1. If you restrict to DSSP beta bridges whose two residues both lie in the protein assembly as shown, what percentage is antiparallel, to the nearest 5?
2. Putting +1 on Lys and Arg Cβ atoms and -1 on Asp and Glu Cβ atoms, find which of A:HIS205, A:TYR313, B:PHE278 reaches farthest to the positive end of the dipole of the protein assembly as shown.
3. Residue by residue through A:9-16, how many Cβ atoms from other chains fall within 10 Å of the Cβ on average?
4. Out of residues 5 or more away from A:GLU241 or on other chains, whose amide H comes under 5 Å of its own, with H placed 1.01 Å from N in the peptide plane?
5. Can you tell me which of B:THR52, B:THR308, B:THR165 moves the most in a GNM of chain B? Springs connect C-alpha atoms under 10 Å apart.
6. For peptide B:41-48, how many partner chain Cβ atoms fall within 10 Å of a residue's Cβ, on average?
7. What is the sum of charges around B:ASP303, taking Lys and Arg as +1, Asp and Glu as -1, for the other residues whose C-beta is under 13 Å from the C-beta of B:ASP303?
8. Rounded to the nearest 20 debye, what is the charge dipole size of the protein assembly as shown about its Cα centre when +1 sits on each Lys and Arg Cβ and -1 on each Asp and Glu Cβ?
Number of protein chains: 2
Amino acid sequence: MEQQLETLWKEVRELSLGTSVEVERLNSPPSSLRFLRDFVSANKPCIISDATLHWPAISLWSDDKYLRGALSGSSVSVHLTPDGRADALVPHPEDSSLCFASAHVCRMPFSEALDLISSDKGKGKGKGNGKGNGVVAYCQEQNDCFRNEYSVLAGDCEAHIPWATEALGCLPEAVNLWIGNSLSHTSFHKDHYENLYVVVSGLKHFLLLPPTDVHRLYIHHYPAASYSYSPDTQELILELEKPPRYVPWCSVDPYPSPDSVHHEISKFPLYFNGPKPFECTLRPGEILYLPSMWFHHVSQSPDGRGRTIAVNYWYDMQFDIKYAYFKFLQSIHHPLYGPTLSQSEDKDPLSVLSCSERTDRSNTASGAYEAKEKDSKEA
Amino acid sequence: MEQQLETLWKEVRELSLGTSVEVERLNSPPSSLRFLRDFVSANKPCIISDATLHWPAISLWSDDKYLRGALSGSSVSVHLTPDGRADALVPHPEDSSLCFASAHVCRMPFSEALDLISSDKGKGKGKGNGKGNGVVAYCQEQNDCFRNEYSVLAGDCEAHIPWATEALGCLPEAVNLWIGNSLSHTSFHKDHYENLYVVVSGLKHFLLLPPTDVHRLYIHHYPAASYSYSPDTQELILELEKPPRYVPWCSVDPYPSPDSVHHEISKFPLYFNGPKPFECTLRPGEILYLPSMWFHHVSQSPDGRGRTIAVNYWYDMQFDIKYAYFKFLQSIHHPLYGPTLSQSEDKDPLSVLSCSERTDRSNTASGAYEAKEKDSKEA
């Protein structure tokens, strides 16, 4: 089976995706037919240059005064972690075993959130917000927040991506705003959405792996934990959920620290010794089409004001033969895959059903069916 | 692995194809975007009613005089077999082991071919054509014959299917004409093309299985043989090719004779005990979209003049992630699959490379790459 999986990883690149690490670039938005045929149907990413330079957000949002003024009456959701790693595997302080850590989410006036994000290296200075040092803030609520918490900014971006909407036959299911700094990373994961990702300010760096490479990410179950803020110590404390809940998550950190790199390579040889992930940096004015079910790792470089701002459009995906093939592939055991099999994802659906909505839809068949039912109702 | 494959067969139906044996029907031609999104991208068949009733062929070709007149100066390719089974597995007369039999192909004036096809039960009466009794004739040269041998009829059909051409981004690679009678069958096989199939007169009956079900067809290697006509005995004689050549072909006959049915079921349990194939009958005026890589078995019912006439449009397919998934699936061994593994298809590519062009492109990775290269040149 090892040989067959390696052939799959190689063939999908030779046939369709390309054998370099580069993502195909288009100079201008494609027709809806071309986008659908060459990218969505093929489940292949692309970057569209010069796609959003005409959006008011591109110039307006580089100015903090504009954002603070427009959102002066708004309180927004902010995700707080000690180190910028939310929805990520971190060692539990008690026994150093890995757990799946969720951020501490709180609401605060937008101006305070922006201060926290933009301050030196993103460390909060405790400017009257009741948070101590050692806190990394990230506005990244993935619940259609751009059309809710940030609705006053609606006129600055297009409500949807016209050629994508036409191709996919529906309006976006969710539009999300992301404001973070260089410390925030998003660990490897996949979403059950077609994703159109737009950078407004700063840079976003993506590592991408196709769904065919699922075994190379070593998806195992980790106990769920979340940060909570202790007013006494003014610190974020990580606590395991009770009763325990287990979240399937990718084990690979693509950027291990120099002193752990050998250890990581020996733990995850399928990732480190296999084909390199596709790699791209997204600039203001560009759109990344990030196909459904693709694994992605995201990091960012801030603009001159210390923050990276992005907007992404999630469109419902089709649960078609590609998805059925993926589920089958994921059910196959690779001998180097380690003790926890991917198959177990489906063996204990209840452990997953209580995850956040995003995790839910990413990891359960029932999520897929729900989404599909919704699709057909909206069609 | 048995369980995982069964889950795949079930899930692709539950998620996308439907769990009945019916093929989805559209009342009128879809937009190119809908066709691409809901059917091509999803690799899902559909039937479009009332799609070609306006074609001159629908009325003109019901009249033998019109066809004989138009083609009076033409000689056409005719495939001759003793029983209507060409490109099919038949017992070799010497030892009764199965071989892959190709028809005897000869050229004759169109009028003679039509006599052979339309005569009682399709049996040739030897009307001056030099062929004896016991011959079933089928005009089915799959080499773009409609635009070559039958080019005088070009004005009677559309040169391409406009919404399919727009969706697929290219003109048809081949357009083929099929004139046969009730005795001709096409055994289960797949083509590396997107296929738009049009019935002009009579009925065509299809059994369809998705590419996910590849193990259920028991593709094994069979020695190639072909019929040749013996003027002495006025019979078709089946002879094994020398040197031997082996062709991978589906082993399942979906309509076994009553006295062999139990034997066939015990030989091919994955087919007979698994989900039933999709089933449809195509009438004049209708188009079947037969997606690339779908296995299909075709039989026919004649019109009042004893023949069935169809035209099909082959469009180049995309060799994308779906194709990579299929190749992977096909490389997996099912314990009930029998002694000859599907993997062996790729182990001896030379045995396949010398097949006919259609078989070539259907069964070799090199065929896939060639076709892909061609695609990109034409784009």
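The values are calculated or read from the model by the stated rules, or taken from the named source; none is laboratory data. These figures come from a predicted structure and were not determined experimentally. Cβ coordinates were reconstructed from backbone atoms using ideal geometry, including for glycine residues, and neighbour counts include every protein chain displayed. Calculation scope for accessible area: heavy atoms of the full protein, side chains included, ligands and nucleic acids excluded. Shrake-Rupley method; radii C 1.70, N 1.55, O 1.52, S 1.80 Å.
1. Taking every DSSP beta bridge with both residues in the protein assembly as shown, the antiparallel ones total about 90 percent.
2. It is A:TYR313, whose Cα lies furthest towards the positive end.
3. The shielding value for this peptide is 6.
4. Amide H neighbours of A:GLU241: A:ALA224, A:ALA225, A:SER226.
5. B:THR165
6. Mean shielding by partner chains, rounded to a whole number: 3.
7. +2
8. Its charge dipole is roughly 420 debye.
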